[in-house]
Amino acid sequence: MGRVRYAAAALLVVGLLAGCGDDPPPRGRVTTPVAGAAPAAAEASTSEYGVRVAITVGYAEDRVLDDVRLVWAGGSTSGSSYPVDVGYDSDHPPEPVPVAAGTQVLLEGTVLAPCPDTPSRVVFEVRSTGAGGPRTDRHPVDDEDTLGPAFAAWCRRSPTVWATGGSETPEGDYRVSVAVSNPGPETVRVESDAVDDGETSWRAAAVVVPAGTITSLTIRGHGPSQCATTPPWEDGHLRVDGRPVRPTVDDWC
């Protein structure tokens, strides 16, 4: 079997792609204001993965958090919950998450939305089980001073490409995966040229990336083993809408 290395970013990309698939809508999905629910103060930041939104909430009774989703008009994705100052490993929190009465809980999720149609309001839906049985709490976030600049920054970003991992065999067969993030507003086409320089060869590959999505492209080739081959993006052979690009992260082998 060939030696395989994967960049840590691959895990996040898989999670984002899974969250934006054709999952059934969550129970009680909210895309309009929630009567009687106070909007929560939020933090928001922007990266190639989208706009990360985070809030801290507290609960008056012991409960177990079963599921968190971040919902907005036109989409939803899985979220995360981390009890604050409890000592859990944030990379490997328990599932489901037990929360004692009075404990502050950090909720976070990442919005992938096509520009310019970004949401002005998002809602964290938290499904939990307590002494009274299962329940769903909804925490709306519509802080324009926080969400507005973050989504504006997202829409100013150009399409971004980064390597998410790769594999090789002792015979020199390679597989390289890259992810492409496209805020929009237009669909873009990513192409990797067929290359054969006598020592290294790569097959042509291409993918179309709609606005507001992250899409993967796999490139296969052959060359010297032990990662001694030339990556497929050298010499302008990887392009976004005809513009040569290099991955922002190129830990591919």
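Data table
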{"read-out": "Check on Ala163, outside the structural domain of Ala42 (by TED's automatic domain parsing), more than 19 Å from Gly79 (Cα to Cα), modelled with pLDDT of 95 or more and among the aliphatic types (A, V, I, L, M)", "value": "yes"}
{"read-out": "Some residue of the range 138-148 being surrounded by fewer than 17 Cβ atoms within 10 Å (Cβ to Cβ), more than 21 Å from the chain's Cα centre (by Cα) and part of a strand (DSSP E or B)", "value": "yes"}
{"read-out": "Unique match (being within 18 Å of Tyr59 (Cβ to Cβ) and either touching a helix residue (DSSP H, G or I) at 6+ places or on another chain (Cβ under 8 Å) or surrounded by fewer than 22 Cβ atoms within 10 Å (Cβ to Cβ) (or both)) among Thr110, Thr129, Thr118", "value": "Thr129"}
{"read-out": "All strands (runs of 3 or more DSSP E) inside the range 176-223 with 3 or more residues being without any contact (Cβ under 8 Å) to a residue 40 or more places away in the chain", "value": "205-209"}
{"read-out": "Meets criteria (under 16 Å from Val53 (Cα atoms), surrounded by 14 or more Cβ atoms within 10 Å (Cβ to Cβ) and either β-branched (Val, Ile, Thr) or modelled with pLDDT under 95 (or both)) for Thr103", "value": "no"}
{"read-out": "Candidates Val249, Val178, Val209 - the one that is under 29 Å from Pro116 (Cβ atoms) and at pLDDT below 95", "value": "Val249"}
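The values are calculated or read from the model by the stated rules, or taken from the named source; none is laboratory data. Keep in mind it's a predicted model, so treat the numbers as computed, not measured. Reconstructed Cβ throughout: ideal geometry from the backbone, glycine too, with neighbour counts over all protein chains shown.
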